[in-house]
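Asks: Got a structure for you, written out below as structure tokens; questions coming shortly.
The values are calculated or read from the model by the stated rules, or taken from the named source; none is laboratory data. Predicted model only: the values in this text are computed from it and were never measured. Cβ placement follows ideal geometry from the backbone for every residue including glycine, while neighbour counts extend to all protein chains displayed.
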Amino acid sequence: MLDQILTVSFFSTLIAATVRMATPLLLTGLGELYSERSGMINIGLEGLMTMGAICSVIVTSMTGSAFVGILAAMVAGIACNMIFAWATIKRLSHQIIMGMVINILAASIATLLNRSYFGIQQMPTAVEGLQNVAIPLLSKIPIIGEALFNQNILVYVAYLLVPITWYLLFRTKPGLKLRSVGENPKAADSMGISIPKYRLLGCTICGALSGLSGAFLAIGYMSRYVENIVSGRGFIAFAAVIFGRWNPKGVLLATLLFGFADALQMRIQSISPDVNAEIMVIVPYLVTLIALVFFIRKGDGPAANGINYSRSK
Amino acid sequence: MNTSWKRIGGKAWRLALSILLAFIVGAIIIAVQGHNPLEAYGILIKGAFGSVNNIGEALVKAVPIAFCGLSVMFAFKCSVFNIGAQGQVVWGAIGAILVALNLKSLPAPIVWILAILVGALLGGIWGMIPGIFKAYRGVNEIITTILMNYIASGLLGALVTGPLKETAGRNPQTDMIEKTLRLPILIDGTRAHLGVILVIITAFLLWYYLRNTTKGYKLRAVGMNASAASCYGISVSRNIVKSMFIAGAIAGIAGCVEILGVQFRVINTFGLNNYGFDGIAMALLGQLSPFGILISSLGFGLLRTGAGTMQRLTNIQTSVVDLVEALIILFIVCDLTFNWLKKRKKPAKAQGVKADEKGGAEDA
């Protein structure tokens, strides 16, 4: 088995798989970063991704254009997250509970849409997915070139969003305001910053990126919608934000770690079928759990994260 | 007294309205799909209440989600979110099957008691781990319990494809437990088993513990205001760990009775059960009251049995009813109807009405 591991092609596919598996986590994680930085802790990511996935597949199959499918996924993610935003910002519902409700709601809507559009079937209908775009020259670098620079467009988008997010959050005025709303809403309010507006902004970006992430899973990775397509990735992305200490670089590293754990277990399974498959599946979850328990300091998050704001309180 | 009755009355009225509203949305979807909603709901009601057998099925469906609802409720009383009931159910099932397969020669009641004790213990330990992480390492229990669900499910898969695999066939499942070791049936001709009684007893015990004992009071005190509780010398971390142990044990019993009373063997997909998430829904619907959880679980059991009949007879998918369930939860959590009623009585502010319309449009 070891001689199978120590080959160039093994490492090349491993890197490619890591980058691919980390992409949906990164997109969702960055979305959640905006949300939590504005004080909105959203555990409904799983549901938002599911909505993105189903809408991207249906719209792609209707229009034949994956690009329209991606747009639809973002709109679906935003629309679904507006229920969360309305309930928590306006109605002051508990954010964690509301997030769970979004998961329950989105799962049932997605199943309903899937079964009424495609019908109940043995094999899910495939749609024309996203094509890989090779970047000239860079993709010719040995070992890593093919892995890093011959991916589909959403992969590039995800990784480009890391510096963009850092710039927006830490180097622009709206970014500062958004963070201040998450740290100390009362002070921000007294400075004339609208709390609902910035929290709504956080939710909108979170919805859009989670929808995008669902679209990546459905039309960028699987080319079809299968039930339970997200299978816990929303929760792992949520963990990645905590593990990444609420900054874009940290989220990137955390998602790459989880992506690597996922890619590794899949590669090992494919080259040595005698390893118990079920036990390998738990690796990414176990890595996440250990990372959280042993490498996290207490109280690093935005101070008002998860706390609803109302002037009367 | 008078005011509290008024309050309960108001609550019941709002609950009823939330449920009605969710069913109206469901009816619209059924109509859009080209069926007659009234006819469909007629079949649904008939499917739920039509025969003793159907009511028995509803009870069978209600038992595990009621246990999980109680589990979520109990942890929440100490302000801990137990989203890990799913994984704790898995360990309960493993405990039950280990006892039932290895101690076949013992009399049935002893096997049941041992199975439930072992299952509750395993579930409790699985629940206690995130409790310890939260209490002593400050790790968010929401995320650890969720991750541990996937780990439990993977370990279950490994067990039933490895050491616990059936001796005969090649399927990833354990052996069947002996016929004599199955939980007794309560109503002849149905599958309703002893678990129904157990869950009612559990609900009563939890209610008593939380309401009438000092320990229960301390646990609730930590849940209501941890820093105030610790000023009075109540250990916050110990109560967090305790609440998660008991919550895990309750969910573990759900797994036990499901194996001993309904499934009789553990299959590899048992880890994908939805009981844990249903349990959260039940805790929300039951407004964190043990008896409220029993009633909502029975309601959902009836609804799902009816939905199954509806799907068989009319081709309307059960996923419509899943959506109705989700909407009921949404409306109740946001207290949507209450808001709506208030707006009816008072002349509405322009802004509030706009938000209502927006919410309504998205829900549909």
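Asks: Which residues, counting only those in segment B:67-117, are among the small types (Gly, Ala, Ser) and buried (at least 24 other Cβ atoms within 10 Å of the Cβ)?
Replies: First pass over segment B:67-117, keeping only residues among the small types (Gly, Ala, Ser): B:69, B:71, B:75, B:79, B:84-85, B:87, B:92-93, B:95-96, B:100, B:105, B:108, B:115.
B:GLY69, B:SER71, B:ALA75, B:GLY84, B:ALA85, B:GLY87, B:GLY92, B:ALA93, B:GLY95, B:ALA96, B:ALA100, B:ALA115, listed by residue number.
Asks: A:THR60 - would you say it is buried (at least 24 other Cβ atoms within 10 Å of the Cβ), more than 14 Å from every other protein chain (Cβ to nearest Cβ), touching a helix residue (DSSP H, G or I) at 6+ places or on another chain (Cβ under 6 Å) and more than 28 Å from A:GLY244 (Cα to Cα)? Let's see the steps before the verdict.
Replies: On the way: buried (at least 24 other Cβ atoms within 10 Å of the Cβ): yes; more than 14 Å from every other protein chain (Cβ to nearest Cβ): yes; touching a helix residue (DSSP H, G or I) at 6+ places or on another chain (Cβ under 6 Å): yes; more than 28 Å from A:GLY244 (Cα to Cα): yes.
In short, yes.
Asks: If you don't mind, there's one more thing I want to ask. Inspect segment A:245-267 for any residue being over 23 Å from B:ILE143 (Cα atoms) and of a type in the set (Lys, Arg) and give the result as yes or no.
Replies: Keep residues of segment A:245-267 that are over 23 Å from B:ILE143 (Cα atoms), which gives A:266-267.
When the remaining residues are screened for being of a type in the set (Lys, Arg), the result is A:267.
Scanning segment A:245-267 turns up at least one residue that is over 23 Å from B:ILE143 (Cα atoms) and of a type in the set (Lys, Arg).
Asks: Conditions: (1) closer than 30 Å to B:ARG220 by Cα; (2) over 22 Å from the mean Cα position of the chain (by Cα). B:HIS35 meets all but one. Number of the miss?
Replies: Among (1) closer than 30 Å to B:ARG220 by Cα; (2) over 22 Å from the mean Cα position of the chain (by Cα), the lone unmet condition for B:HIS35 is (1).
Asks: Further question: Can you tell me which condition B:ILE83 does not meet? The list is (1) in a helix (DSSP H, G or I); (2) within 21 Å of B:SER153 (Cβ to Cβ), and all the others hold.
Replies: Only one criterion in (1) in a helix (DSSP H, G or I); (2) within 21 Å of B:SER153 (Cβ to Cβ) is unmet by B:ILE83, namely (1).
Asks: Answer yes or no as to whether B:LEU260 is touching a Cys at 6+ places or on another chain (Cβ under 8 Å), in a helix (DSSP H, G or I) and of a type outside the set (Asp, Glu). Explain how you work it out, then say what you get.
Replies: Working: touching a Cys at 6+ places or on another chain (Cβ under 8 Å): no; in a helix (DSSP H, G or I): yes; of a type outside the set (Asp, Glu): yes.
For B:LEU260, the condition - touching a Cys at 6+ places or on another chain (Cβ under 8 Å), in a helix (DSSP H, G or I) and of a type outside the set (Asp, Glu) - is not met.
Asks: Pick from A:ALA107, A:ALA73: which is modelled with pLDDT of 95 or more and more than 19 Å from A:ASN305 (Cα to Cα)?
Replies: Testing whether each residue is modelled with pLDDT of 95 or more and more than 19 Å from A:ASN305 (Cα to Cα) leaves just A:ALA73.
Asks: Just name the residue that is nearest to the chain's Cα centre (by Cα) out of those in segment B:161-219 that are among the basic types (Lys, Arg) and surrounded by 17 or more Cβ atoms within 10 Å (Cβ to Cβ). Walk me through it before giving the result.
Replies: Taking segment B:161-219 first, the residues among the basic types (Lys, Arg) are B:165, B:170, B:179, B:182, B:191, B:211, B:215, B:218.
With surrounded by 17 or more Cβ atoms within 10 Å (Cβ to Cβ) added as a condition, the list becomes B:165, B:182, B:218.
On the way: B:LYS165: 28, B:ARG182: 23, B:LYS218: 25 Å.
Looking at the filtered set, the residue picked out is B:ARG182.
Asks: State all residues of segment B:309-331 that are among the hydroxyl-bearing types (Ser, Thr, Tyr) and at pLDDT 90 or above; if no residue qualifies, say none. Walk me through it before giving the result.
Replies: Looking only at segment B:309-331, we keep the residues that are among the hydroxyl-bearing types (Ser, Thr, Tyr), and these are B:309, B:314, B:318-319.
B:THR309, the sole residue that qualifies.
Asks: Here's something else I'd like to know. Among the numbered criteria (1) touching a residue at least 12 places away in the same chain (Cβ under 8 Å); (2) closer than 28 Å to B:MET128 by Cβ; (3) not in a loop (DSSP other than H, G, I, E, B), which one does B:THR180 miss?
Replies: Looking at each condition in turn, B:THR180 falls short on (2).
Asks: Of these, A:ALA22, A:ALA17, A:ALA79, which one is in contact (Cβ under 8 Å) with a residue 24 or more places away in the chain and surrounded by 24 or more Cβ atoms within 10 Å (Cβ to Cβ)? So that I can check it myself, show each step before the final result.
Replies: Details: A:ALA17 fails: surrounded by 24 or more Cβ atoms within 10 Å (Cβ to Cβ); A:ALA79 fails: surrounded by 24 or more Cβ atoms within 10 Å (Cβ to Cβ).
Among A:ALA22, A:ALA17, A:ALA79, only A:ALA22 is in contact (Cβ under 8 Å) with a residue 24 or more places away in the chain and surrounded by 24 or more Cβ atoms within 10 Å (Cβ to Cβ).
Asks: Any residue in segment B:282-290 that is surrounded by 24 or more Cβ atoms within 10 Å (Cβ to Cβ), in contact with a His (Cβ under 8 Å, 6 or more places away or on another chain) and more than 30 Å from B:GLY34 (Cα to Cα)?
Replies: no
Asks: Here is a follow-up. Here is a list: B:MET282, B:MET224, B:MET310. Which entry is closer than 30 Å to A:ILE282 by Cβ and not acidic (Asp, Glu)?
Replies: Details: B:MET224 fails: closer than 30 Å to A:ILE282 by Cβ; B:MET310 fails: closer than 30 Å to A:ILE282 by Cβ.
Exactly one residue qualifies, and that residue is B:MET282.
Asks: In segment B:134-149, which residue that is surrounded by fewer than 24 Cβ atoms within 10 Å (Cβ to Cβ) and without any contact (Cβ under 8 Å) to a residue 60 or more places away in the chain is nearest to the other protein chains (Cβ to nearest Cβ)?
Replies: In this case the residue turns out to be B:GLY138.
Asks: Separate question: Pairs only if they're at least six apart or on different chains, beta carbon under 7 angstrom, first in segment A:90-112 and more than 7 Å from every other protein chain (Cβ to nearest Cβ), second among the acidic types (Asp, Glu); list them, first residue then second.
Replies: What qualifies is A:ASN103/A:GLU46.
Asks: Just for segment A:114-124: of the residues that are within 9 Å of chain B (Cβ to nearest Cβ) and of a type outside the set (Ser, Thr, Tyr), which one is surrounded by the most Cβ atoms within 10 Å (Cβ to Cβ)? Lay out the reasoning, then the answer.
Replies: Quick first cut of segment A:114-124, residues within 9 Å of chain B (Cβ to nearest Cβ) only: A:114-116, A:120.
Imposing the further condition that a residue be of a type outside the set (Ser, Thr, Tyr) reduces the set to A:114-115, A:120.
On the way: A:ASN114: 24, A:ARG115: 16, A:ILE120: 9.
Checking each candidate, the answer is A:ASN114.
Asks: Same structure, new question: Taking segment A:212-265 only, how many residues are assigned to a helix (DSSP H, G or I), of a type in the set (Ser, Thr, Tyr) and out of contact with any Pro (no Cβ under 7 Å at 6 or more places or on another chain)? Please lay out each step first, then the result.
Replies: Residues of segment A:212-265 assigned to a helix (DSSP H, G or I): A:212-222, A:233-243, A:248-265.
Within this subset, residues satisfying the condition of being of a type in the set (Ser, Thr, Tyr) are A:213, A:221, A:255.
Now drop any that are not out of contact with any Pro (no Cβ under 7 Å at 6 or more places or on another chain), which leaves A:221, A:255.
Residues flagged as assigned to a helix (DSSP H, G or I), of a type in the set (Ser, Thr, Tyr) and out of contact with any Pro (no Cβ under 7 Å at 6 or more places or on another chain) within segment A:212-265 amount to 2.
Asks: Only residues that are within 11 Å of another protein chain (Cβ to nearest Cβ) and within 12 Å of the chain's Cα centre (by Cα): list them for segment A:234-257, please. Talk me through it step by step, then tell me what you get.
Replies: Here is the first cut: in segment A:234-257, the residues within 11 Å of another protein chain (Cβ to nearest Cβ) are A:234-243.
Result: A:GLY234, A:PHE235, A:ILE236, A:ALA237, A:PHE238, A:ALA239, A:ALA240, A:VAL241.
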